[in-house]
Structure formats: C-alpha cells, structure tokens
Amino acid sequence: MDRDTGWIPFEEPTGSWTPYPPVSDSWRKNDTKLFIMIASFRDKLCPVTLFNLYTKAAQPSRIFAGVVQQNTKEDPDCLFEYCRLVTGKNTTENCPHKDNIRLNRVNAKEAKGPTWARALGSLLLGDEEFCMQIDSHMDFVPNWDLRMFEMWKLTNNEYAVLSTYVAGSEQLPFNLNGRSGLNNVHEVPHLCMVTFQGLGGLVRNWGTKCMRNLPHPKLTNMIWGAGLSFSKCHAERKVPYDPHTPFIFDGEEFSRAIRMWTYGYDIYSPHRVYVVHNYHESQVC
C-alpha cells in the first residue's frame, strides 16, 4: 500500500474475479476511528442525530463527527443543543464527546446546496480510517458502530462502500431486540433504478426495490446514495466531493458513484437496517 495516498495496487485476477480483501483486521478493533460527515441545513433534528449517534454507539469515544451547520440566528445550534440533551444543562461544559465534534458554522443565506456543503464536510476529516456520511436527521440501533464495521467486513473488499436510501425511522422498532426487521423478513432498501429525466437532464437515482433475508451485502455498482455511505476513508480522500457544483441536487449521487467506480470502488446495499432516516419532521423550513 502506498503510505502517502492510501492506494492499494490492483492485482489482475486469475480465473473468476474476487475483490481485493481488507488489508488489516482494524475493523474489529475497538479503537479504530470512525469519521461521521453530516451536512445540516436549518435542521432542528441535527442535535438529536448527534445524541443518537453517541448514546447508541458501543464505542462512542472513537467516533468523530464533522458537522457543516447551515443555520440562521433563530435556529438551534447543533453542538449546544446536543450538549443540553446529553447533560440536561444549558452549557457545553462537561459535555460527553464534545471534543470529538468538529463544527463548521455557515450562515444559511450563504448556503450553496448539498454538494457544496458536503465538500466543506470532507475538509473536517482528520486521520480517521473509516468514514460514514449521513443526513442530519437519523437514528440508529444499539451498537450500530460495531454492526456497521461487521457488515463492511462481510463484503471482504477493501474497496467496499455500503450505501442506500435509508429506511424510515418508523422501521427502527422492527430492527431492535433481535427482531427480524419489517414484516419479519429483514427487509432492506436496495438502490437499483435511475432516471435520465432529472432537473437539467441530469441522471439521478429514481428509487429502491426491497430485498429480503440477504446473507450479506449485495453488490450494486454505479448506484450510490448520499444519505448513507460507509467505507474506508481513502474513498473520501481519493474521490472527494466537487465543491464547484453549487445548488446541484439531481445528479449529485450518480456523479459521485461514477467517480467511485472508476477509482475501483464497489458499492453494496446493506443487508440489514442499522441506520434509519426521519423523513417526516427533518426540516424547519
């Protein structure tokens, strides 16, 4: 492995193709750092997302959040409100994991869309080995961090990216306490459709199909969702967001999926629901 770039040379396969296996067992170690990138636009649930992120993790001290907060003066501050939720006090003093949260505060009037904000979020990445991108209105199953690491390992692929349109938060109870998911068959969303009729003629994801009782993540390739992306951080470093695409929404995901694929990354749909998305009350405006 090239120590400067993190790039691992591809070896020409013989016979049937197999992915390049993980270069280490760091995924199973409790001190392996995980960076969470969150772009928030006037989202009242951003503090709740941080609260869920840290209180439901098995090893919260190894989780580092990079939040791009695009607020007005009237909107709740994500870090302050998180500290209030976790301590019950109107202060950031003695706030658990506060030093693990990197916040870039931007005036909402200066916001330029999701790709611009997520490019800013990538700049908050430190020396973490694993990266996960989520939205600012999410919830998680208990020990979600261990489960995401274990799911990534099931791909047996150093270049695996777990990604999909996340199931709604109303499905969380069906994935707790040993239950077998929605309809008792481990239903998970699977990105497999695109449309060529997005705004400006841009290609965009159209929706998901339903997968059931998969034994491991399913390879999709070329279809990636911005609401959940879990991979090694060398993917973020080698395939960063383009900061020069202001106000692009349609086209964001397909563009990044193409660049990931051409850099050798393989995109998989998760086979279990460990992260959920609040689709009903996320925005205040």
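The numbers here are math on the coordinates, done by the rules we state, and not lab data. Being a predicted model, the structure only gives us computed values, none of them experimental. All Cβ positions, even for glycine, are placed from backbone atoms using ideal geometry, and neighbour counts span all protein chains on display.
Some points to look at:
- Each residue in CYS233, CYS131, CYS210 was given a count of other beta-carbon atoms within 10 angstrom of its own, and listing them fewest first yields CYS210, CYS233, CYS131.
- The DSSP beta bridges internal to the chain are antiparallel in roughly 45% of cases.
- Residue exposure sequence - HIS186, HIS280 - by fewest surrounding Cβ within 10 Å: HIS280, HIS186
- Protection proxy ranking of 214-221, 31-38, 147-154, by the mean of other Cβ atoms within 10 Å over each peptide's residues and highest first, is 31-38, 147-154, 214-221.
- Across segment 32-277, C-alpha contacts under 8 Å between residues 6 or more apart give a mean separation that, scaled by the residue count, equals a relative contact order of 25 percent.
- The ranking of MET193, MET132, MET211 from fewest to most other beta carbons within 10 Å of each one's beta carbon is MET193, MET211, MET132.
- Less than 5 angstrom separates the built amide H of MET37 from those of GLY66, MET132, GLN133, ILE134, all sequence-distant by 5 or more or on a different chain.
- Other-chain or far-sequence residues with amide H under 5 Å of ASN104's (modelled H): VAL67, VAL68, GLN69
- Relative contact order of segment 131-269, defined on C-alpha pairs under 8 angstrom at six or more residues apart (%): 34
- Highest mean packing comes first when the peptides 57-69, 263-275 are listed by Cβ atoms within 10 Å, giving 263-275, 57-69.
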